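The values are calculated or read from the model by the stated rules, or taken from the named source; none is laboratory data. Note that the structure is a prediction, hence the values are computed from the model and not measured. Positions of Cβ are generated from backbone atoms using ideal geometry, with glycine treated the same way; all protein chains shown enter the neighbour counts.
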């Protein structure tokens, strides 16, 4: 059984995140969605985690946690659930985790909905 961890800020959680997490769940036996604390934030990370927990409620193979410190900034990982591979679309995270000896799977953006990205949503929110 292979468990993937999918870290991110999820600021805010959006359809692109949901679709990507569902795609990760097709590839791995279990998925841990790890909401991390990393500014800038438009909502508390705990709120992002709560939203994603509601979205994936009832899907036993997807677990959402508030992980706190980003994986690439951690010195230890023993407070996280056990995982076999780090799945990320962030090249810096991928490089940092690979350098620490973790197996890494770089996931492409979900392209079915090109306007549903965190950057696009934050820009539209700033525009009012």
May I ask you to list the residues in the range 91-108 that are within 13 Å of the chain's Cα centre (by Cα) and in contact (Cβ under 8 Å) with a residue 24 or more places away in the chain?
-> 93, 105, 107
Which residue, of 70, 44, 7, is under 30 Å from residue 126 (Cα atoms) and crowded, with 19+ Cβ neighbours inside 10 Å?
-> 7
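Yes or no, residue by residue, for (1) within 12 Å of residue 6 (Cα to Cα); (2) buried (at least 17 other Cβ atoms within 10 Å of the Cβ); (3) within 11 Å of the chain's Cα centre (by Cα):
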| site | (1), (2), (3) |
| --- | --- |
| 17 | yes, yes, yes |
| 20 | yes, yes, yes |
| 24 | yes, yes, yes |
| 27 | no, no, no |
| 33 | yes, yes, yes |
| 38 | no, no, no |
| 49 | no, yes, yes |
Within the range 51-60, how many residues turn out to be surrounded by 14 or more Cβ atoms within 10 Å (Cβ to Cβ) and not in a helix (DSSP H, G or I)?
-> 1
Of residues in the range 74-89 being in contact (Cβ under 8 Å) with a residue 12 or more places away in the chain and out of contact with any helix residue (DSSP H, G or I) (no Cβ under 7 Å at 6 or more places or on another chain), the one surrounded by the fewest Cβ atoms within 10 Å (Cβ to Cβ) | 82
Between residues in the range 11-22 that are closer than 12 Å to residue 35 by Cα and residues that are crowded, with 19+ Cβ neighbours inside 10 Å and modelled with pLDDT under 85, which pairs lie under 9 Å by C-beta distance while being six or more apart or on different chains?
-> 17/110
Hey, can you tell me all the residues within the range 106-128 that are at pLDDT 75 or above and buried (at least 17 other Cβ atoms within 10 Å of the Cβ)?
-> 107
Any idea which of (1) over 25 Å from residue 125 (Cβ atoms); (2) in a strand (DSSP E or B); (3) without any contact (Cβ under 8 Å) to a residue 40 or more places away in the chain is the one residue 33 doesn't satisfy?
-> (1)
Residue check: is residue 75 farther than 18 Å from residue 27 by Cβ and at pLDDT below 95?
-> yes
Subset of the range 1-30 (residues that are closer than 15 Å to residue 89 by Cα and part of a strand (DSSP E or B)) | 4, 5, 6, 7, 8
Test residue 39 against the stated conditions and say whether it is within 26 Å of residue 123 (Cβ to Cβ), touching a helix residue (DSSP H, G or I) at 6+ places or on another chain (Cβ under 9 Å) and outside any helix (DSSP H, G or I).
-> no
Quick count over the range 64-105, residues being part of a strand (DSSP E or B) and under 20 Å from residue 38 (Cα atoms), is 8
